[in-house]
Structures are given as structure tokens and as C-alpha cells.
1. Say R0 is 35 Å: what FRET efficiency, to the nearest 0.05, do residue 167 and residue 188 get from their beta-carbon distance?
2. What is the packing order of peptides 191-197, 180-186, 70-76, 99-105, taking the mean over residues of other C-beta atoms within 10 Å and listing the highest first?
3. How would you order 78-90, 203-215 from highest to lowest mean count of nearby Cβ atoms within 10 Å?
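What follows draws every value from the coordinates through simple rules; no lab data is involved. The shown structure was predicted, so the numbers you read here are calculated from the model rather than taken from an experiment. Neighbour counts run over all protein chains shown; Cβ positions are idealised from the backbone, glycine included.
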Amino acid sequence: MLNKGKHRRPSKAVRIATLAGVAGAAVAVPMMGATSASAASVATWDKVAQCESGGNWSINTGNGYYGGLQFSNSSWAAAGGTQYAARADLATKAQQIAAAEKLLAIQGPGAWSCAGAGNLTAGGPSPDLNTSTKAEVKKAQPAPKHTQPAAPKQEKAQPAPKKAHGHGNYTVKAGDTLAKIAKAHGTTWKTVYAHNKSVIGGNPNLIFPGQQLSI
């Protein structure tokens, strides 16, 4: 069950001043001297909010208390919160803390029953808050230029090896094989190959039309 901060129920033991003009109603706050330095760190307010609302800065349970620090509408208005939003739960965390800083300066840490949970005291340095509702828009950075990889150097085409034609007495024709040529001349392909190895090369099965073979 959420604790009910004292800023909703001012103590009778302190003197109070009446702030008029808040939604047509008077708001009672203690006379603490609003000009005195009263501030707490964001971490301290986080601890107070954890105790007050479970750390839910947007909470609205319908019980009349709103936001992480459980402001009533009257205390929210008295602390200047309505410049940010109609209710505390509709404001940002930074805006709620900014309003809480003002309430702390007016009413002191006793305004929150959970002040002890966060060691909330007056007189600390003011937290660095950005209460603007506009999200900071970063300038769009130009997309990095994609460098094209250098095209691989094309190697010069090597000329096809020249086919030896020889100086024999038989000209190879299309469809010829060594075996066919040897048979036509009454010899063996091995003999023809042996005599023409310098022309044919290392593969006896590969001969070309136009080659001159010695038979």
C-alpha cells in the first residue's frame, strides 16, 4: 500500500500560509521561506518515489494522488506543476522532480512521509534537469560513402599454344585418329605417335586437322 506523503496532509505543528488562486481554492503550505536553497539529487528523489509509489512515475490509482512522488492536485498546483501538465502523473519524471524541488523549498522534507527512505534533506545542490517535453532531435549524419572495391586487374590473356604442324607426308583431316591413320598405312598408332611426338605433344588422342605427320 502506497505511503501518503505529508505534502497532502500538512502538519498542524507548523505555521501555514495561504496561497490563493489555485483552481479557485486555497492551498495551505508551511511558511518555510521559498527563497532558501532547498534541493536534492535525482537519486534521492528516486528513493523517495520508490517508497511513495514503487518508483512508478506515471501512476494513477484513482485515490487522488498522482505520479512518482504522489502529488495531490492542490500540492501539484502550488508547486507550479500545472505549467507542465494538469496532473503529476501526466508530467515527465524531470518535471515532477522540478515541482518537487519547489515544494521542498516551500514545505521542507516533511512534506513527504517517505523523506526518511531517501534521506531527503533541504539545502543540497540543485539537480540538473531537462523539463522540456520536446525530444532532442539529433542532426542526421550523412550516410558514409561506400567505397567501391577496386576492380581486380585483368590478366592479359595468354595466347593459345601454337600447334605444331610438322613436315610429314600425311595431313591430318577432320575425324582422323592415330589408330585410323596407322591402319590406313599398315602400321600401329604407337609407331605413328613415336615418329610424330614433337608434333602431337603429350596426348596421342589429341591431333588437329592440318598437322603434317610422318608415316
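1. 0.95
2. On the way: 191-197: 16.7, 180-186: 13.4, 70-76: 25.1, 99-105: 23.4.
Peptide ranking by packing, descending: 70-76, 99-105, 191-197, 180-186.
3. Details: 78-90: 19.7, 203-215: 14.6.
Descending packing order for the listed peptides: 78-90, 203-215.
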